[in-house]
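Take a look at the structure below.
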Amino acid sequence: MDFALSEEQELFRTAIRKYMNNLNGTEAARAVIDGKLDVVKSAASGLAEMGVTAIPVSEESDGLGLGALDLVPVFEETGRVLLPGSQLETLALAVPLLESFGTPAQKAARLPNVASGASTISVAWYEKGTSLFPNSFCCVAAKTENGYALTGTKTLVPVIGDPDVFITGAQTAEGKSLFLVKASDLSSVRTLSVVDETQQLAEVTFDAAPGELLGEPGNAADMLKHGLLHFNAALCSSMVGGMDELVKMTAEYAKIRVQFNQPIGRFQAIKHGIVNMKLDLETARSLSYYAAWAVETDAVDKVAAVHSARSFISKAYIKAAGDSIQIHGGIGFTEELDVQLFLKRARYYENYFGSVRDSRKATAHSLGWHSVPAKRDAVPVS
Amino acid sequence: MDFTFTEKEEKFRGELRGWLEVNLPKGWLQGDRKLPEDNEHYSKSLRDWQRTLYEGGWAAISWPKEYGGRDATLMEEIIYHQEMVRVKSPPLVNYIGIHMVAPTLMQMGTDAQKDEFIGKILTGEQVWSQGYSEPGAGSDLTALQTTAVKKDGKWVINGQKVWTSFAHLADRCFLLTKTSQSEKKHEGITVFLLDMDQEGVETRPIVQMDGHQEFNEVYLTDAIATDEDIVGEEGKGWAVLIALMLHERSGIAAQVFTLEQQFDSVIEMAKTIRVNGTPLIEDPFVEDGLADLHARINGAKLNYYRNITHTLKNGKPGAESSLDKLLVSELTKEVFDFAMTIQGHAGVLTHDDALFDGEMQRQYLASFGATIGGGTSEVQRNTIGERILGLPKDLGR
């Protein structure tokens, strides 16, 4: 039995945390709110210098060839300070998709740039009014002489840090398919208002944009489902980092804040509230470690492992942030404190590429609880 | 990270499994798991089971070999619990003797006490209870009222204990008393190894809300003990108590695996019970709730694994291990609460008239003890808040 991160992984955590401290915690996130987007790029290049961007990229593509567990400390520490950027989308979704389904030429063209930090890749999947796994796309890919031309509109597209490539889905004769599209080939980008102002989402339009087919046509949903296992494991780490910071800041506050001549942490109503946050945090951490392990080792229970973690942690993160605001009292309701930033981030991630309900459904089906196969919306069909 | 068991550990599991197949009571593995209802036969059958365990070398695997144990490793203890839960083995009637009293005596007892008691605890000849709680002192053990006063060279004990597990079946009691009043609440406590077979000790079973009688009130009226019955030093019982509590390390393992098994039985019910012609699990509300519980139970088990890892690496559990009891007991309540809810109107029935032979109703009622016994959830939360999060102590302490 050895259920812990390795010494190297913990050492790497220390290095990342030191760098985050140098960035002054949530200062980068707050800078984005003030429209100072330069911080996103400079933080991203800082992480690249530390080798973070090379972690999941295979050695043949100039990466370090490490696994999902090696990303755990990275995303816990970036999640702790709500670091804005598209590291999650690039390293935990685009890279696994490219590594698994990319042609040698696609890998050679994209992955070394990701490993060096020169390129970030985001995902343009949703369309207006559709689900994570729609039966079909409105966005269509027409065959041309030397590839495909994509036409349509995607929404809820993460664009912070100016990704230069998007992985997107479009309808082909064979069904829903995945494509790579260059950011420079988009015909328009309209930024959307987001509750979590440290993030940026956009509606992007393709007008016969050149698209490079990724994987087999007609397999978009299955490929995305595979990629999302990696993504959700990493997302869980990020949320655990946020929860950890919430517990820490709330406990500290309860020790110094005096009411009725007592530090409020002495009152059971407050104390037990923080303990409940701590209970959820430790459960979240265990589930997220196991999810990353299951993805890294391709364990038989990886779907249940990842989706159990995702559904539990999404809810627990929101609750921890909400309870923290309550325990902070009036000051917790203000913009001055960071707690509200964590609440908005937790809410931002709640339905990010899948909902709590989706994850619970996936858990139930993967554990074989149902005698009948899942309906169309539970398991994607082409 | 590594979740596999070593070859040696798997061999240990195989050996235990093979032994259980031959030695469990007749019909047990096939599902005939009824124990006698009346105290006398119940007690006898459980003592017989412990005798069988002892003869097979499985009664106290964590004890040192010199006392008749196996010097089992922590991983072997975990495997032991997994296997015992898997076959739903009969309860260990002398749980308190084996897991708490004897290890404490090995550490702090006199040679005479070791000679007198350890062997009898192992064989099941002597069953033990522990006299902690009192009507006015539940989780707060420093508020004891039971007194022991020295008179003519003997200790005369008066007071009342409550929630005393197994006392109606026990021969001896690990008894907490006050032998002097002190400003400091942790002082003046003395632990006696009380002989329960005497006139001054009266045991009255307490009927729990689930119909069981595991607990008792114990009335002590001029009960007698001697200096030889004191564990550790007179007045220094608090240290003995702490030592004893540290010996309870494997209790959580059994609870974690039992919870997992109980949840499996709820899943089984949801898959097999049909409402309006479809299995319960096809109801999205049921599916959603069970998937949520699955995540949290899995999380509780993984927390436990993380703490085992900490123990294996550092020789002792991390501070976080105190979270385990709280999580597991709260989840036990939630699992059966949900199991009741999803049964709909039929959930009001019980015993053989109920779905699944009333298993969920039985467990639901029993589950209310989980968050009270062994320290209430509130006391656990205080401990975690103060010891792990460093929050200030409760008022009045």
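Scanning region B:254-279 for residues that are more than 10 Å from chain A (Cβ to nearest Cβ), farther than 19 Å from B:T371 by Cβ and among the aliphatic types (A, V, I, L, M) yields B:M269, B:I273, B:V275. Confirm whether B:S180 is assigned to a loop (DSSP other than H, G, I, E, B), polar (S, T, N, Q), over 26 Å from B:P103 (Cβ atoms) and in contact (Cβ under 8 Å) with a residue 40 or more places away in the chain. Yes. Inside region B:265-281, residues that are free of Cβ contacts under 8 Å to residues at least 40 places away in the same chain, open to solvent by less than 60 Å² (accessible area, probe 1.4 Å) and assigned to a helix (DSSP H, G or I) make up a count of 2.
Okay, residues lined up against (1) open to solvent by 10 Å² or more (accessible area, probe 1.4 Å); (2) at pLDDT below 95; (3) touching a Pro at 6+ places or on another chain (Cβ under 9 Å):
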| site | (1), (2), (3) |
| --- | --- |
| A:T26 | yes, no, no |
| A:G51 | yes, no, no |
| A:G65 | yes, no, yes |
| A:V74 | no, no, no |
| A:L97 | no, no, no |
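Given the criterion on the phi > 0 side of the Ramachandran plot, surrounded by fewer than 22 Cβ atoms within 10 Å (Cβ to Cβ) and not small (G, A, S), identify the matching residue among A:F267, A:F260, A:F353, A:F333. Only one candidate qualifies: A:F260. Can you find, within region A:116-157, the residue that is modelled with the lowest pLDDT among those that are in contact with a helix residue (DSSP H, G or I) (Cβ under 6 Å, 6 or more places away or on another chain) and not in a strand (DSSP E or B)? Per the criteria, the residue is A:F133. Here B:P392 clears all of (1) within 28 Å of B:I267 (Cα to Cα); (2) modelled with pLDDT of 95 or more except the condition numbered (1).
Consider A:F333 carefully, then state whether it is touching a residue at least 60 places away in the same chain (Cβ under 8 Å) and more than 14 Å from chain B (Cβ to nearest Cβ). Spelling it out, it is not the case that A:F333 is touching a residue at least 60 places away in the same chain (Cβ under 8 Å) and more than 14 Å from chain B (Cβ to nearest Cβ). Counting only helices (runs of 4 or more DSSP H) that sit wholly inside region B:1-102, those with at least 2 residues that are more than 20 Å from B:I121 (Cα to Cα) and either within 14 Å of chain A (Cβ to nearest Cβ) or out of contact with any Pro (no Cβ under 6 Å at 6 or more places or on another chain) (or both) are B:7-23, B:74-86. Return the residues of region A:296-317 that are closer than 20 Å to B:I297 by Cα, open to solvent by 10 Å² or more (accessible area, probe 1.4 Å) and assigned to a helix (DSSP H, G or I); say none if nothing qualifies. Once the filter is applied, which keeps residues that are closer than 20 Å to B:I297 by Cα, open to solvent by 10 Å² or more (accessible area, probe 1.4 Å) and assigned to a helix (DSSP H, G or I), region A:296-317 yields A:K302, A:V303, A:H307, A:F312, A:K315.
Selection over region B:162-183 of residues that are within 13 Å of B:V201 (Cβ to Cβ) and hydrophobic (A, V, I, L, M, F, W, C) gives a count of 4. Screening B:Q208 against (1) touching a strand residue (DSSP E or B) at 6+ places or on another chain (Cβ under 8 Å); (2) of a type outside the set (A, V, I, L, M); (3) modelled with pLDDT of 95 or more leaves a single unmet condition, (3). Pairs meeting the criteria (first residue in region B:17-41 and at pLDDT 95 or above and open to solvent by less than 100 Å² (accessible area, probe 1.4 Å), second residue among the small types (G, A, S) and not in a loop (DSSP other than H, G, I, E, B), beta carbons under 7 Å, at least 6 apart or on different chains) are B:W19/B:G56; B:N23/B:G56. A Cβ distance below 6 Å, combined with a sequence gap of six or more or placement on separate chains, defines the contacts here; from region A:265-292, residues that are without any contact (Cβ under 8 Å) to a residue 40 or more places away in the chain and at the interface with chain B (Cβ under 7 Å from one of its Cβ atoms) reach residues that are open to solvent by 20 Å² or more (accessible area, probe 1.4 Å) and outside any helix (DSSP H, G or I) in the pairs A:G265/B:P392; A:R266/B:P392. Among the numbered conditions (1) over 30 Å from A:R266 (Cα atoms); (2) not in a helix (DSSP H, G or I), the only one that B:A339 does not meet is (2).
The values are calculated or read from the model by the stated rules, or taken from the named source; none is laboratory data. Computed from a prediction, not measured in an experiment: that's the story for all the values here. Cβ atoms come from the backbone with ideal geometry, glycine included; neighbour counts cover every protein chain shown. What goes into the accessible areas is simple: the full protein's heavy atoms, side chains included, and nothing from ligands, DNA or RNA. Shrake-Rupley method; radii C 1.70, N 1.55, O 1.52, S 1.80 Å.
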